[in-house]
Amino acid sequence: MALVAGFSALSGCLQTIVLNQTKERTGDIGMVFVNTTAADAGFTYATWDQWDHSPGTINMQQISVPAFTSSAAVTLACARNAAIGTQNLVTRVLDTKADVTDTFVPELFDTVVHFTQAGADSSAANLPTAGTANGVELLLGVDYSCGDQIVFTFVEDADAPGGFRIDSEVILDTRQNE
């Protein structure tokens, strides 16, 4: 009981760290990207453990989601951090010298999501010709659990920096309640 009372008294930031660092980390998480905008959305996304610098790996992928479509569900190893286009993601990739595949698109490796209305065959296809959205980062134990599926929705928003925003919704793994 004293442990529960002590935990409840923790400040918000410290409580977030404790929740993130003590949540069980096994299995995978799913991600789906829903583009409700009139522009294609292109970005880098990943999972990793921010405080693990030995060996400090990152599970990174890139995708372009056409206007008014959704991606197929993707599965990544569950980790303490999950992000789309954030400075923490970019820093982690650079710090770990992550392997870059032959399908790596340098223009999509950024701290924001790119929205483009240039055609797929255009030299500007992956450039933010229509605007950008600030990236988002979620934390294990705070925002999601292993086994959950995270749905990221891209929305046009004139009040958001770059003209777009990213909403997220977590679909809980029903096996956690069994």
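Among the residues of segment 51-69, those that are in a strand (DSSP E or B), within 23 Å of Gly119 (Cβ to Cβ) and touching a Ser or Thr at 6+ places or on another chain (Cβ under 7 Å) comprise Gln62, Ile63, Val65.
Restricting to segment 33-55, name every residue that is of a type in the set (Ser, Thr, Tyr) and farther than 28 Å from Ala130 by Cβ. Correct list: Ser54 only.
Residue count for segment 84-142 under the criterion of being crowded, with 20+ Cβ neighbours inside 10 Å and in a loop (DSSP other than H, G, I, E, B): the result is 7.
Hey, among the residues in segment 143-177 that are touching a Gly at 6+ places or on another chain (Cβ under 9 Å), assigned to a loop (DSSP other than H, G, I, E, B) and charged (D, E, K, R), which one's surrounded by the fewest Cβ atoms within 10 Å (Cβ to Cβ)? So, considering only residues that are touching a Gly at 6+ places or on another chain (Cβ under 9 Å), assigned to a loop (DSSP other than H, G, I, E, B) and charged (D, E, K, R), the one surrounded by the fewest Cβ atoms within 10 Å (Cβ to Cβ) is Asp157. Inside segment 56-81, residues that are within 24 Å of Glu24 (Cβ to Cβ) and not polar (S, T, N, Q) make up a count of 10. Filtering Asp95, Asp110 for residues that are within 18 Å of Ala41 (Cβ to Cβ), touching a residue at least 12 places away in the same chain (Cβ under 8 Å), among the acidic types (Asp, Glu) and out of contact with any strand residue (DSSP E or B) (no Cβ under 6 Å at 6 or more places or on another chain) leaves a single hit, Asp110. Checking each residue in segment 57-73 for being within 14 Å of Thr37 (Cα to Cα), small (Gly, Ala, Ser) and touching a residue at least 60 places away in the same chain (Cβ under 8 Å) picks out only Ser64.
A quick yes/no check of all residues on (1) touching a helix residue (DSSP H, G or I) at 6+ places or on another chain (Cβ under 9 Å); (2) among the polar types (S, T, N, Q); (3) within 20 Å of Asp157 (Cβ to Cβ):
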{"site": "Met31", "(1), (2), (3)": "no, no, no"}
{"site": "Thr47", "(1), (2), (3)": "no, yes, no"}
{"site": "Val65", "(1), (2), (3)": "no, no, yes"}
{"site": "Leu89", "(1), (2), (3)": "no, no, no"}
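Since every read-out is calculated from the coordinates, none of them should be taken as a lab result. Remember, it's a predicted structure, so these values are computed and weren't measured experimentally. Heads up, the Cβs are rebuilt from the backbone with ideal geometry, glycines too, and the neighbour counts pull from every protein chain shown.
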